[in-house]
Structures are given as C-alpha cells and as structure tokens.
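Please read the structure below before turning to the comments.
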Amino acid sequence: MMNSSYLFGITTIVYLLASVSYIAFFVFRNKTAARAGLGLAIFAILIQTTGLGLRWHESYQLGIGHAPLTNMYESLVFFAWCAAIFYVLLEIKFKLPIIGAFVMPIPFLTLAYTSLDKDLGKEISPLIPALQSNWLIAHVITCFIGYGAFAVAAGLGIIYLLRQLADTRKFSQESLLGNLPDLRTLDDLIHKTIIFGFMWLSAGIITGAVWANEAWGTYWSWDPKETWSIITWFIYALTLHARFTRGWNGSRIAWLSVLGFISVFFTYFGVNYLLAGLHSYGAS
Amino acid sequence: MAAKAKNPVWAFLASVHLALLLLGLLASTSIIGTIIQQNKPAEHYVQTWGPAKAKIIQSLNLADMYNSGWFLCLLGAFSLNLAICSIDRLPGVVRVVRMDNLTRDPEQLLKMKLQHQVQVNDSHEAVSKLATAWLTRKGWKAASRNKENGLLLFAQKGAWTRYGVYAVHISILTILLGAIIGSPTVAEKILHNPQFAFKGGVLLPEQRSTNRIFSYDEEEHSLPLGFTVRCNFFDIDFYDNGMPKEFVSGLTILEGDKEILTKEIEVNKPLKYKGVTFYQSSYNDMRKPVIRLKNVSTGQRTLLPFNSEATTAWQNGAEQGMLRIQDIREIPSANGGGAEFDIWFMDSQGPPSTFTVRYNTPVLVERPTAKYEVKISSQYATGLQVSKDPGVWWVYSGCALMLLGLYTAFFMSHRKIWAYVHEENGQAKVAFIGQANKNSLGFAKTFARLTEGFGKEHT
Ligand code: HEM
C-alpha cells in the first residue's frame with residue numbers, strides 16, 4: 001500500500017545505494033560511481049519529499065491536519081531530508097563528490113534508525129494545545145535546516161582530520177586518503193557550512209523563544225533543551241571567532257565542528273532520553 | 001587603532017582571546033544546570049546526590065545556577081567583553097567605510113590580483129567618459145580624480161555591510177538589556193516596584209473576578225493588577241481519542257464596573273491588556289455542579305448556579321429567560337453511575353421546553369428563535385499565567401537585529417572597483433581593479449562580466 005512510511009522505507013534504501021556509490025567513488029575513483037551517487041541522492045530526496053507531502057495529507061485525512069514536524073520520528077525524517085538536500089546543493093556548488101562518501105550515510109543512518117527503533121511513535125497523533133502554533137513549525141524547520149548543515153560540517157571536519165593524517169604521515173597520492181580534497185578547500189567549506197548552520201540555528205532559537213513566549217509567557221526558562229541549544233550556539237560562536245585568532249589552525253576548527261555536532265546530537269537526543277524538561281514531547 | 005598605545009587592561013577586555021575563554025566557560029558551565037535539576041526543594045538534592053554533594057550544590061548555588069551570582073558575573077563579563085571589543089574596533093571600521101579610495105596610488109592598485117585591462121582606440125578624455133558611463137549603467141556610480149598620468153575612477157557597493165558584525169554584537173547586548181528590563185527580580189530588588197515587571201498566576205473560578213494575582217517569586221505576595229479580570233467560562237475540547245484538543249477561557253477585563261474587553265484565550269493565544277498578558281496554563285475542577293447554557297448560533301455562554309429548590313432567572317446581554325430543575329434521579333451505570341435531571345427551560349420567545357439532561361452530557365434545545373446547548377457539569381477554575389514583561393520588545397528587536405546582522409555579516413560583502421584610465425604608447429587604456437572583503441570567487445565573476453563587457457563594447 002502506498003503510504004508515507006512505505007515511501008520512507010524506499011528512501012532509506014536509495015540513500016543506502018547513494019552512500020555505496022559515493023564510497024565506491026572514494027575507493028575506486030570511478031567517476032560514474034560519483035554521478036550515480038548524485039543521481040540516487042536526488043532521487044531519494046524526491047521520494048522523501050513525496051513521502052513528507054503524503055504524511056501531511058494523511059494527517060488531514062485523519063482530521064487532525066498538521067505539518068509532519070511534531071514528534072521525534074517526524075523530526076528525524078525531516079532532519080535526514082535537510083542533511084541530504086544541503087549536501088546535494090553543496091556538491092552542485094563545489095563539485096566535490098568525495099565528501100558524499102562521508103556525508104550521505106548520515107541521512108541513511110538516520111532513516112534506518114527510525115525504522116529500527118521500535119519505541120519511536122510513528123503514528124500521526126493529534127497535537128496537544130501547546131504544540132498548536134505556527135511558531136512551532138517555524139521553530140522546527142529553522143532548527144533542522146541548521147542541524148542538517150552542522151551534520152555536513154561535522155562530516156567535513158572528519159574528512160579534514162583524515163586528510164591531515166594522510167599529509168603528516170606522508171601517505172602517497174595513490175593511497176585512499178590521498179583522494180580527499182586539500183586542507184584549504186576543506187577548511188573553507190567547513191567555515192561556509194558552519195556560517196550557514198549558525199544563521200539557521202540562531203533563527204531556530206529565536207522562533208523557539210517567541211513560541212514559548214506566546215504559549216507560556218516566558219521566552220527563556222533555561223529548561224534543558226533550551227540550555228543545550230544555547231550551548232551549541234556558544235560552541236559555534238566560539239568556532240567562528242577562533243578563526244580570528246592566530247594559533248587556531250584548521251584542525252582545531254575541524255575538531256570544533258565535530259564537537260558542535262555532538263552538542264547538536266545531545267540537544268536533540270540526550271535531552272529527550274536522559275534529562276527531563278518541557279520539550280519531552282519528543283520522547284513519546 | 002594603530003598609533004595609540006593601548007592600556008593593557010583595555011586590550012585584554014577587548015580581546016577575542018577573552019571572548020573565546022568566556023564562550024567556552026559559558027558553554028561548559030551551562031551543562032551543569034541541565035544535569036542537576038533546577039529549583040527543587042533542598043531535600044531533592046540530598047536524596048539525589050547525597051549529603052556531601054548537596055552541600056557543594058548549595059554553596060555554589062547550583063540549584064538555581066542560571067540566577068546565581070557567579071553565572072550572572074560570567075554573563076556580565078561576556079557583555080563587557082563584547083561592548084569593549086566593539087567600541088575598540090568600531091572607529092577603525094568607520095574609517096574603512098568612509099575611506100577616500102581615490103587617494104590610492106594607481107601603481108599600487110595595479111599590483112592587486114583582480115584586474116582586467118582594456119585598450120580603446122580613442123582619446124583619453126573620451127575613454128574616461130565611456131568608462132564612467134559604463135560603470136554607471138551597470139549600477140556602479142563612480143567618482144573620479146585626476147592622477148599624475150591619468151584619471152582614476154572609483155565605485156563601491158555594500159560599504160555599510162562592514163557594520164553587520166557590529167549589528168550582531170549590539171543585538172546580543174540589546175537582548176540582555178531586554179532581559180534585565182523584564183526581570184521580576186530587578187523590578188523588585190532594584191526598582192522596588194514589583195508592578196513594573198512580574199511573573200505570576202491566578203486560579204480563577206468561573207464567574208469570579210480578581211484584581212490581584214500571585215507572584216511566582218514570592219508566593220505569599222499578591223500583586224495588584226490595577227484593573228479587574230473576570231472568568232466567564234472555561235471549557236475543554238477533546239479529540240476523539242480522548243486527548244485534550246484545546247483549553248479555552250472566556251475572560252473579561254473591567255475597569256471599575258465597566259467592561260472594557262472580552263476575549264476567549266487558548267494556549268498559544270493569550271490576552272494582552274495594559275502590558276499585562278494572560279496565558280491559559282492550567283485548570284482545576286471545583287467539584288460543584290453548574291448549569292451551562294450556550295446559544296449555538298451566537299456562541300454566547302451563560303453559567304447558572306445549580307439550584308434544585310427554585311426557579312433561576314437568567315440574563316446575558318439581550319438574552320434572558322428562566323430555568324428550573326424539576327427532578328433529579330440517580331442512574332446506575334458501569335462506571336460508577338451518575339445523575340439525570342428533568343429541566344424546565346425558556347427564553348424570551350415561545351412556550352417553555354422540558355427535557356432531560358444527563359450529568360456531563362450536553363443536550364440541544366430548539367427554541368423558536370434560537371438553539372441552546374444545555375449541560376450540567378462541574379464548575380471549573382481556569383489557571384492563568386499572568387506576566388508583565390516590559391523588556392520583551394527589546395528582546396524581540398534584538399532578535400530581529402541579530403538575524404539581519406548575521407545575514408549581512410555572512411552573506412553580503414563590501415565590493416570596490418577602480419578604473420584607471422591612462423595612456424600607454426599613445427593608446428588609451430583602462431585598467432579595472434576589483435576587491436571584495438568576502439566571497440571573492442563570486443565577486444571575481446561579477447567583475448569579469450563587467451569588465452569584459454566593457455572591452456567587447458568599446459574595442
Ligand atoms: C555569542 C556571542 C557572539 C556572537 C553571536 C558573535 C557574532 C559574530 C559574527 C557573526 C561575526 C562575523 C564572523 C564572520 O564573518 O565569520 C563576529 C565577528 C567578530 N566578533 Fe563576535 N560574536 C559574539 C561574541 C563576541 C565577543 C564576546 C567578542 C569580543 C571580543 C567578539 C568579537 C568579534 C570580533 C573581533 C569579530 C571580527 C570582526 C571583524 O571581522 O572585523 N564577538 N562575531
């Protein structure tokens with residue numbers, strides 16, 4: 001039967017195929033594999049977009065119509081979508097398909113996780129009163145575009161560190177890691193990606209604050225989720241400023257891009273599963 | 001910036017190194033408050049963390065760490081760093097924005113990376129005119145100055161974008177200022193005027209009104225509102241699966257006896273009056289029956305006291321009528337039983353209606369000119385969160401400024417184009433030189449299109 005979960009299932013497989021193609025390109029330097037990777041990634045995004053639209057439609061058929069952005073499952077699916085789109089745009093702009101070998105597995109693993117975790121509520125459920133707000137939609141969209149970019153930045157950070165390892169160990173140009181883009185290019189891409197993510201994260205925190213103020217009369221209450229989002233924001237602000245001071249070379253920025261994403265991850269998962277707070281709706 | 005020897009304390013306070021340190025400290029210490037639950041009673045910490053750790057938690061104020069002295073000091077130091085850094089750098093930026101770019105030595109400019117030379121078979125003066133006209137046509141309004149061996153033209157775009165970073169920095173200070181202005185603690189301890197900014201709540205039974213609310217900071221403290229608020233009704237709407245769909249309260253604001261404003265509030269749809277905002281936050285069952293009339297066509301609701309002894313006359317605006325409970329019967333049922341009531345009811349039109357209504361189950365009553373929903377159920381009290389935050393507009397303005405500033409700082413650039421018109425071997429020659437402070441690749445493309453276009457048109 002054609003429903004949104006079925007489409008997300010197909011999407012997962014196509015992301016896997018795209019990842020395999022990119023990895024094949026990384027290992028064998030076969031240009032056709034890279035082209036296949038991009039084609040598959042775009043195909044997966046199209047299917048996923050249809051799936052998201054369909055899920056939205058399904059919610060209206062159940063008479064509780066709302067954008068598919070309101071629980072953990074839906075937000076993971078949306079995150080995978082954002083990361084994949086961000087990556088494809090990055091590849092089209094900068095033409096470095098090797099990065100796909102490190103980044104394309106992110107949407108694949110995310111979607112695979114949503115189908116494996118049995119505790120993740122996948123049904124479309126009605127919204128409790130506090131969640132019925134357009135600010136919530138704006139909040140989730142802006143945050144997840146940012147998270148998608150930060151995921152890609154962390155992938156780039158790892159590539160940077162591997163490349164650096166290859167350079168310092170003087171691996172030959174023939175070796176696997178010799179295929180990776182050069183450090184300057186990577187550093188520039190990490191910076192650009194973080195800038196993009198930072199813009200959206202800031203917008204995400206702001207829309208969240210406005211929503212909280214409309215619903216509860218406090219724009220900031222230091223609940224664990226809010227606090228972790230500001231911690232993430234501080235880490236990326238630090239990363240941006242670290243560039244101005246000498247001594248903070250590319251590898252530290254690369255580490256920070258990884259640390260930043262760990263913080264994103266914690267904001268997203270850790271808070272729901274390990275700590276208590278207002279946003280615990282995501283855990284249901 | 002360069003000439004004046006800097007005071008070392010100032011230099012330290014203005015440094016990005018300090019900023020990195022403070023951002024790192026803020027990020028890492030903030031974690032503590034997400035692990036140790038905040039604002040719990042003292043016993044909670046002893047139970048969760050043991051007496052030794054509970055002592056540390058208490059002495060470092062970790063149970064309310066985001067309001068603790070040391071954390072506020074950290075935020076203060078951060079603001080100071082941000083302010084001083086910006087004050088320190090701003091004059092330099094103003095100078096760069098206002099700089100006279102025509103004083104530049106053409107020979108120096110010709111050493112820059114981004115350039116394109118075009119030879120034109122025409123007089124030097126004519127070519128100068130052509131170049132100026134070309135730049136203007138393409139949106140680059142150029143100024144010019146005579147140089148030793150020719151004429152230098154200059155045009156720029158986006159010089160103001162250099163202020164983008166400072167807009168971001170100022171926006172952070174604006175947001176923090178807004179937080180201070182709206183802080184109940186500041187209003188109470190520093191301004192000694194708790195009415196200036198507060199956060200509180202009130203549990204208001206249906207049909208009752210209040211002109212005071214309870215501040216969350218000092219629970220025993222009640223604050224005057226300066227006007228009266230009345231709860232007309234409270235209602236919960238459920239989804240088919242039993243989940244609450246919406247909480248609604250009908251509120252009326254009164255000044256003295258005069259009704260000023262009536263509004264239905266929901267979660268996410270508060271009522272604002274005179275800087276005070278009322279949010280739907282909870283409700284309470286008063287465990288006392290009331291009779292609810294709702295005119296289905298106008299939506300007008302009337303609450304009547306439950307009186308089994310006598311006839312109750314009711315009036316609500318232009319609507320009026322009478323209601324009597326004629327009989328009450330207990331009815332057994334699977335889930336504990338309930339009650340059934342025989343009602344005699346009329347409004348201003350037509351003969352009275354009689355019907356039976358079960359507890360908590362609405363009945364539709366058709367009258368000649370109106371349709372009523374009649375329900376007997378428990379009386380509710382609506383739980384309102386009430387706050388007054390005069391700083392919130394500072395916060396919102398700061399947020400808007402931050403987004404504009406970030407966009408400017410990240411995605412816009414200051415672009416400059418010089419055109420040096422001179423003669424070489426008796427031929428007029430235009431050397432275009434370009435420079436951008438960001439996105440140099442993108443600018444190089446624009447520059448190539450602009451200058452090659454000139455070459456095509458004039459050679
Ligand atoms: C979380 C707080 C902060 C945010 C969000 C922030 C934001 C920014 C942004 C977006 C930029 C532009 C970066 C780029 O173009 O890549 C910037 C630059 C800068 N920031 Fe901050 N900043 C913060 C705190 C601070 C602090 C505390 C200082 C104090 C020293 C500082 C000093 C600077 C300096 C010196 C620059 C470079 C300006 C230039 O390009 O001339 N920032 N900041």
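Just so it is clear, none of the values below were taken in a lab; they were calculated from the coordinates. Computed from a predicted structure; not experimentally measured. Here Cβ is always computed from backbone atoms with ideal geometry, including for glycine, and neighbour counts include all displayed protein chains.
So here's what we get for this one:
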item: Fraction of alpha-carbon pairs over 18 Å apart in segment B:257-401 - percent; result: 67 percent
item: Over 25 Å (Cα to Cα) - which of B:Lys269/B:Lys388; B:Lys245/B:Lys274; A:Lys122/B:Lys263 fall in this group; result: B:Lys245/B:Lys274; A:Lys122/B:Lys263
item: Kirkwood Rh, Cα atoms: Rg over Rh of segment A:69-209; result: 1.07
item: Highest to lowest packing among B:314-321, B:254-261, scored as the average C-beta count within 10 Å; result: B:314-321, B:254-261
item: Cleavage-rule hits (chymotrypsin sites (Phe, Trp or Tyr not before Pro)) in segment A:147-254: DSSP loop, at most 13 neighbouring Cβ within 10 angstrom; result: A:Phe244
item: Inter-chain Cβ neighbour average for residues A:210-223, partner chain, 10 Å; result: 6
item: Degrees, to the nearest 10: A:72-94 long Cα axis against longest axis of chain A; result: 30 degrees
item: Rounded Å value of the spacing that divides the Cα centres of segment B:388-423 and segment B:38-87; result: 34 Å
item: Kirkwood-Stokes translational diffusion coefficient of segment A:128-284, alpha-carbon pairs, 20 °C, 1.002 mPa s, µm²/s; result: 128 µm²/s
item: Zone of B:Ser222's modelled label, taken as backbone nitrogen in segment B:240-265 under 14 Å from a point 7 Å along Cα→Cβ; result: none
item: Rg/Rh for segment B:1-128, where both radii come from Cα atoms and Rh is the Kirkwood radius; result: 1.38
item: Whole-number D in µm² s⁻¹ for chain B, Kirkwood Cα-pair radius fed into Stokes-Einstein, 20 °C, 1.002 mPa s; result: 72 µm²/s
item: Reachable lysines from B:Lys371, criterion Cα separation under 21 angstrom, eight or more residues apart if same chain; result: B:Lys294
item: Extension gain, B:Lys288 back to B:Phe411 (0.36 nm per residue minus Cα-Cα distance, nm); result: 38.1 nm
item: Over 16 Å [Cα-Cα, segment B:276-358], rounded percent; result: 64 percent
item: Chain B: angle of helix B:124-137 to the longest principal axis, Cα-based, in degrees nearest 10; result: 10 degrees
item: Volume in Å³ per residue [convex hull over Cα atoms, computed for the protein assembly as shown]; result: 265 Å³
item: Cα-based convex hull volume of segment B:160-252 per residue, rounded to whole Å³; result: 202 Å³
item: Distance between modelled label sites at A:Thr49 and B:Lys263, nm, 7 Å Cα→Cβ extension; result: 4.0 nm
item: In Å, descending, principal axis extents of the Cα set of segment A:1-121; result: 51, 28, 24
item: For residues of B:162-172, the mean tally of beta carbons on other chains within 10 Å; result: 0
item: Rg in Å to one decimal, and Dmax rounded to a whole Å, for chain A via C-alpha atoms; result: 19.4, 63
item: Cα-based Lys proximity count in segment B:1-143, under 24 Å, for pairs eight or more positions apart or on separate chains; result: 7
item: Inter-chain Cβ neighbour average for residues B:236-247, partner chain, 10 Å; result: 3
item: Rounded FRET efficiency, nearest 0.05, which uses the C-beta distance separating A:Asp119 from B:Gln195 and R0 of 56 Å; result: 0.70
